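A.B. asks: Got a structure here, written out as structure tokens. Questions coming.
The values are calculated or read from the model by the stated rules, or taken from the named source; none is laboratory data. All figures in this text were calculated on a predicted structure; none of them were measured in a lab. Cβ sites come from the backbone with ideal geometry, for glycine too, and all protein chains shown count toward neighbours. Protein only, heavy atoms only, side chains kept; ligands, DNA and RNA dropped before computing areas. Shrake-Rupley method; radii C 1.70, N 1.55, O 1.52, S 1.80 Å.
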Amino acid sequence: MTPSEGWTPDQPIVAIRDLHKSFGHVEVLKGIDIEVMKGEVICIIGPSGSGKSTLIRTINGLTPATTGSVTVEGQEVHDDNLDKLALRRKVGIVFQQYNLFPHRTVLQNVMMAPLLVLKENKREVEERARSLLAKVQLHDKEDAYPAELSGGQQQRVAIARSLCMRPDVMLFDEVTAALDPETVKEVLVTIKQLAADGMTCVLVTHEMGFAREVSDRVYFTDAGRIVESGPPAQLFEQPQDPRTREFLSKVL
Amino acid sequence: MTWTVTRLNWRLPVIAAALCLLASVAAVAQQEGAADRETALQALVTWMPFILQGFVLNLVMSVLAMAIATVTGVILGFMQISPSAVIRLPAKLVTHVFRNSPWLVILFAIMFLVPFRVTLPGGETVMIPDWVKATVGFALPVMANVSEILRGAVMSIPSGQWESADSLAFSRGQTLRHVILPQCIRRMLPPWMNWYALLTLMTPMAAILGVNEALGNTQAAMEAAGSRPEFLIPFYLFLMTIFFVFIYPISLWTRRLERRYAASGA
């Protein structure tokens, strides 16, 4: 994939500038600025209803922006002439509800998009899919159907499915929120491994311990604005804004 | 669903059918005294092949009408979910008109609006038999219902399926074909089978229009055998029994599929 002209890897891979989003008369994002460098792991935290999910979904164009700009590798996402296919190949997303295809096996779920969309060679795709499933510790579940798996296992399949498109950026939208506590860890371990491999990750999460451990930078959002951001040590140890302090005192 | 036998033990209807046959035999037995005349049962046996021959036409009409209704209904259903209003709105109009019109009215309309013969461009004249017109008349309301079954099934797939397919760069067509429709077929099968059963049960309406199907042949047979009042019960019971024997297994099978899909959460 060719990045847009003029973009070099020393520039932010994802750049959000003065992003506004309204649903009808309700403005849920009121001017957001975020920059993500290649290989960085960014966590977005904040109270429910602060617009975190909406924000992350603007990055791959699932939710269109009202005004402002979102670029991925220098390419404007909210452009009518956007090559959606190119964007979706660059940006993978994993959802809270996994959204696996229930009528296909685990292996087929992972292989479908590269085969259908990228028209890649079946043997290569299958090899890649198997190695990704091994990486998320599910090599023995290749022929299972999603309904036969636990929530944590399904979520790891969803991660492998996204990775099989070889994205440059991965988005995680509260991926552990629907899981049983005992399966949260296995999903977090998978993401951590991915981050260690150098994947650029943007996460919306309620797992504060995880955010602190894994992220390069944490953004605290409230009521559609970024209240405060910084390296996790700083944001969690010495929050500057009273709203950040209040939120952290509730969840930690 | 309009036509579903409620949760009865499967034996009950079978016992009922057996009782019906017994009753007809009993009704016939009363006539046994008059030895010089043909009994109702004898008359029925004589005319059975003729009635069954009519029933074959009922089956042919039902299968053909269902085939037409399925193909056109699926096309109409796809049009109903099109993002383009130019395609969607006419499809909705057609669907709603045929879903909400009495079958007999549609049947009469087709009978009298479609000419009984057409002249091909080559100058040849082709006759359109009444049973073909009746088949089209039965297909139209079922088509509209198949269209709604398809639309409803697509709507019942969670939006997360569309979103994840979209995120994996599937086109709308790819999403429909590889993600949405395979999940719809399971949901569509039981109502589709219900409509086939209902359609088959409606085919004797063609008798009103002079098509020689099972009901028409039954009436013709009774007349030919002398129009005696004691013919009514055995002849009509026989007619009901052949429909029952054909339809009831379909109904059982439909309910089994419904239960299985409900259990698997699909």
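A.B. asks: Which of rounded, prolate or oblate describes the range B:193-233 when judged by the alpha-carbon gyration tensor and an a/c cut-off of 1.5?
C.D. replies: Since a/c reaches 1.5 and a/b is larger than b/c, the shape of the range B:193-233 is classed as prolate.
A.B. asks: Once R0 is set to 25 Å, what does the formula 1/(1 + (r/R0)^6) return for the Cβ-Cβ distance between B:His96 and B:Ile75, expressed as a FRET efficiency to the nearest 0.05?
C.D. replies: 0.95
A.B. asks: Assign unit charges at the C-beta atoms only (+1 for Lys and Arg, -1 for Asp and Glu), then state the dipole size of the range B:49-264 relative to its Cα centre in Debye, rounded to the nearest 20.
C.D. replies: 640
A.B. asks: Can you tell me the order of B:245-255, A:98-108 when each peptide is scored by its average per-residue count of other Cβ atoms within 10 angstrom, highest first?
C.D. replies: A:98-108, B:245-255
A.B. asks: Taking the Cα centre of the protein assembly as shown as origin, sum charge times position over the Cβ atoms of Lys and Arg (+1) and Asp and Glu (-1), and report the length of that vector in debye to the nearest 20.
C.D. replies: Once rounded to the nearest 20, the dipole reads 800 debye.
A.B. asks: Additional query: Run lengths n ≥ 4 of DSSP H only: what is the helix-derived mean residue ellipticity at 222 nm for the protein assembly as shown, with -39500 (n - 2.57) per run over all residues, to the nearest 500?
C.D. replies: Calculated at 222 nm, the ellipticity per residue is -17500 deg cm²/dmol.
A.B. asks: If you take each beta carbon of peptide B:166-178 and count the beta carbons of other chains within 10 angstrom, what is the mean?
C.D. replies: 6
A.B. asks: I would also like to ask the following. Expressed as a rounded percentage, what relative contact order does chain B have, with Cα pairs under 8 Å and six or more residues apart?
C.D. replies: Reported relative contact order: 30 percent.
A.B. asks: Just the accessible area per residue of chain B, please: how many Å² with a 1.4 Å probe?
C.D. replies: That works out to 51 Å² per residue.
A.B. asks: Keeping to pairs on different chains or 8 or more places apart, tell me how many lysine pairs in the range A:12-250 have Cα atoms under 15 Å apart.
C.D. replies: 5
A.B. asks: Right, something else. By per-residue mean of other Cβ atoms within 10 Å, what is the highest-first order of A:185-194, B:111-120?
C.D. replies: On the way: A:185-194: 18.7, B:111-120: 10.9.
The most tightly packed comes first, giving A:185-194, B:111-120.
A.B. asks: For B:Val63 and A:Lys119, what is the calculated FRET efficiency with R₀ set at 41 Å and r taken between the beta-carbons, to the nearest 0.05?
C.D. replies: Numbers: r = 40 Å, r/R0 = 0.97.
The pair B:Val63/A:Lys119 has a calculated efficiency of 0.55.
A.B. asks: Please give the peptides B:174-183, A:72-81 ranked by average Cβ packing (other Cβ atoms within 10 Å per residue), highest first, as a rough proxy for protection.
C.D. replies: Taking the mean over residues of other Cβ atoms within 10 Å, the ranking is B:174-183, A:72-81.
A.B. asks: Also: Looking only at other chains, what is the average number of their beta-carbon atoms within 10 angstrom of each beta-carbon in A:94-101?
C.D. replies: 5
A.B. asks: Please work out the average accessible area per residue across the range A:1-153, using the 1.4 Å probe convention, and give it in Å². The partial results should precede the final answer.
C.D. replies: Details: 7040 Å² over 153 residues.
Result: 46 Å² per residue.
A.B. asks: Just name one of B:Trp103, B:Tyr236, B:Ile208: the one whose Cα is farthest towards the positive end of the charge dipole of the range B:49-264 (beta-carbon charges, Lys/Arg +1, Asp/Glu -1).
C.D. replies: Result: B:Trp103, furthest along the dipole toward the positive end.
A.B. asks: Carbon-plus-sulfur fraction of the accessible area of chain A, 1.4 Å probe, in percent?
C.D. replies: Of the solvent-accessible surface of chain A, carbon and sulfur hold 46 percent.
A.B. asks: Name the residue from B:Val154, B:Gln53, B:Pro141 whose Cα lies farthest towards the positive end of the charge dipole of the range B:49-264, charges +1 on Cβ of Lys and Arg and -1 on Cβ of Asp and Glu.
C.D. replies: Highest projection toward the positive end goes to B:Val154.
A.B. asks: Keeping the other protein chains in place, figure out the carbon and sulfur percent of the accessible area of the range B:49-264, with a 1.4 Å probe.
C.D. replies: Details: 7190 of 10110 Å².
Accessible surface attributable to carbon and sulfur in the range B:49-264 totals 71 percent.
A.B. asks: Next question. Mind giving me the FRET efficiency for A:Lys250 and A:Glu27? R0 is 35 Å, r the Cβ-Cβ distance, nearest 0.05 is fine. Present the calculation step by step, with values, prior to reporting the outcome.
C.D. replies: Numbers: r = 25 Å, r/R0 = 0.71.
Computed FRET efficiency for A:Lys250 and A:Glu27: 0.90.
A.B. asks: Still on this structure: Any idea of the total accessible area buried by the B-A contact, 1.4 Å probe, rounded to 100 Å²?
C.D. replies: 1600
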